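Input: a single structure, listed below in structure tokens.
The values are calculated or read from the model by the stated rules, or taken from the named source; none is laboratory data. Just so it is clear, the model here is predicted, and its values are computed rather than measured. As a convention, Cβ positions derive from the backbone with ideal geometry for all residues, glycine included, and neighbour counts pool all protein chains shown. Calculation scope for accessible area: heavy atoms of the full protein, side chains included, ligands and nucleic acids excluded. Shrake-Rupley method; radii C 1.70, N 1.55, O 1.52, S 1.80 Å.
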Amino acid sequence: MSVPSGDAAGERDRTKEAAEPGAGDDGGELPTEIPPGPRGLPLVGNAHSLVRDPEAFFEEMSGYGDVVSYSLPRLQFCTVLHPDLIGRVLLTDFEQFGKYGFEDLGGEFASEGLLLTEGEQWRRQREAVQGAFTMEQIGSYAGAMTRYADELVADWDDGQAVVLNEAFSELTLQVLAHSLFDIELGAEAALVTEFAETLNARGSLDGVSTFLPMWLPTPENRRYKRVLSEFREFVERLIEERRGRADEYDDVLSTLLTAEDEAGRTMSDVELRDQMATFLFAGHETTSLALTYAVLQVAQHGDVRDRLDAEYADVLGGDRPTVADVRALDYTERVVKETLRLYPPAFITFREAREDVELGGYRIPAGTKLTLPQFFVHTDDRWYDDPEAFDPDRWTDGFEESLPDFAYFPFGGGPRHCIGMRFAMLELQTVLPTVLQRVEFDLLSDPDPELDMAITLHTEEPVRARVRTR
Ligand code: HEM
């Protein structure tokens, strides 16, 4: 095992080329050298550096190259920073890398849901779920997306101070409840939100509890288990109420209740529950964070706001956008892409090596957890000029063509890319124009908020803005 001292950080030349596969090996054998990385402490590994400042820790790691080892209590990790190598993990060598869902945390949450299943079970589920996310089906939710956005704005008075995270969280939750279950959420909305908060608190990178096993009766674990069980009961109740009436509805739940695999089997009760729970979590938080960050940026860039206004006047003329309009909202799409670049709500994608593999000329031992950090790769100056700047205009066709695959992957990539990607993009591209045509936002909180790397990329403090109706 060859692990250079921390002094090596910063000395390595980071080039645009990924290291040659197999470099350092002899004649096709797996290399023996494991990736270098910062030295950790006994037992806790590098947890102290990660918890103290995750961004600085990844910055430090990048000094060791594009494949870097580190460790956390009980676990060996490796981060992959080059798009070509990320492409190998997610796409080309997909079979060699399984999902890593934080063992007991993910296991408790929705181990039978699409996000965490593996192999044949995942393939079967993905096929069944695909039927609920066709473009035609997703398009049918556009009306609900803009209707809820309109209702949200109608509730705001001129001059009112609003908390963007909360407002958009409520909005995306209502859109999901409609698309998944064809219901309007009342008091249960608080339960879903509490569940998301609890899961984030349990999985936050700057919380010590994240590194403790689930069976320990810590206050975080106890709270998490209680809220999870209430959340599950709620989802199970919705499924039960629907059984036998699937053909009366045209939503995700009905599609899944009736979907059969080649052998004519439908999903088990647990699979169905975990599927719906996964969608509620994966689709709610991520999209509401993206809306929050988009507005955060638009509010501080008058030039971006002017361009959006001109586009809306031209394409929409004050109307709510339809699916057909979205195709013409080119600048809005760039604003959304740039938002997801700078603030990827799913900021790290996790994998686990199923066997000993070669990556970037190093040996990755079986069982090593891999982190593919969107938040870091998306701001790498090898691929992006002035990477920290919010600049929707960088997203020209020419730029996209020249960008290496996997230098931008807010929705992951390969066979397990986000199944809700088109749903989320449609929601972002319909909700933003609906809201922005009706109001302007004056930021009341920090324009460059501290970020909290929890399960998703949160702000430490809520983003507040004063609304000016138009
Ligand atoms: C801006 C919004 C969203 C972002 C940034 C996002 C991001 C991601 C990413 C990065 C992955 C890949 C995870 C991995 O490879 O380990 C993923 C997977 C997934 N996402 Fe999303 N997502 C978003 C919205 C949604 C929505 C709206 C839904 C559903 C309604 C959804 C459901 C899922 C599911 C079920 C998977 C697992 C797919 C599989 O493994 O086959 N996501 N998402």
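Of note:
- Whether region 224-294 is rounded, prolate or oblate, judged on the alpha carbon gyration tensor where a/c under 1.5 counts as rounded: prolate
- Computed about the Cα centre, the dipole magnitude for the chain is approximately 920 debye when only Lys and Arg (+1) and Asp and Glu (-1) carry charge, each at its Cβ.
- Per-pair calculated FRET efficiency, R0 = 56 Å: Glu401 and Arg222 via Cβ, rounded to 0.05: 0.60
- Full-stretch length increase - His301, Thr258 - with 0.36 nm per residue and alpha-carbon distance subtracted: 10.7 nm
- Over region 294-422, accessible surface divided per residue gives 39 Å², non-protein components excluded, 1.4 Å probe.
- Region 115-247 - accessible surface per residue (Å², probe 1.4 Å): 45 Å²
- Relative contact order computed over the chain (Cα-Cα under 8 Å; 6+ residues apart), in percent: 25 percent
- Placing Glu236, Glu95 in order of accessible area, with the largest value first and a 1.4 Å probe, yields Glu95, Glu236.
- Against the main long axis of the alpha-carbon atoms of the chain, helix 421-438 sits at an angle near 50°.
- Cα centroid separation - region 236-287 against region 383-456, whole Å: 29 Å
- In terms of its Cα atoms, region 57-116 spans 38, 30, 16 Å along the principal axes, sorted from long to short.
- The average projected area of region 380-470, computed from the convex hull of its Cα atoms over all directions, is 8.0 nm².
- The fraction of accessible area contributed by carbon and sulfur in the chain is 49 percent, rounded to a whole number (1.4 Å probe; ligands and nucleic acids excluded).
- For the chain, alpha-carbon Rg relative to the globular expectation (2.2 N^0.38 Å, N residues): 0.99
- A straight chain from Glu233 to Asp269 at 0.36 nm per residue would run longer than the Cα-Cα distance by 11.7 nm.
- Label-to-label distance, nm, for residues given as Glu388 and Ala328 (7 Å Cα→Cβ offset): 4.0 nm
- Semi-axis lengths, Å, region 412-461, gyration tensor of Cα atoms, sqrt of 5 times eigenvalues: 26, 21, 6
- Förster radius 30 Å - calculated FRET efficiency between Asp157 and Glu241, Cβ distance, rounded to 0.05: 0.25
- The length gained by stretching the chain between Arg470 and Leu443 to full extension, at 0.36 nm per residue less their Cα-Cα distance, is 8.1 nm.
- Partner lysines whose Cα lies under 20 Å from the Cα of Lys99, excluding those fewer than 8 positions away in the same chain, are identified as Lys369.
- Total formal charge among the other residues, if their Cβ is under 10 angstrom from that of Glu95, Lys/Arg +1 and Asp/Glu -1: -1
- Charge dipole (debye, nearest 20) of region 189-330; +1 at Cβ of Lys and Arg, -1 at Cβ of Asp and Glu: 740 debye
- Highest average packing first - 311-322, 406-417, Cβ atoms within 10 Å: 406-417, 311-322
- Take the Cβ atoms of Thr134 and Glu184, set R0 to 30 Å, and the FRET efficiency comes out at 0.80.
- Straight-distance candidates among the lysines for linking to Lys337, with alpha-carbon spacing under 23 Å and chain neighbours fewer than 8 residues away dropped: Lys16.
- C-alpha long axis of helix 302-315 to longest principal axis of the chain, angle in °: 50 degrees
- Shape of region 212-334, Cα gyration tensor, a/c cut at 1.5: oblate
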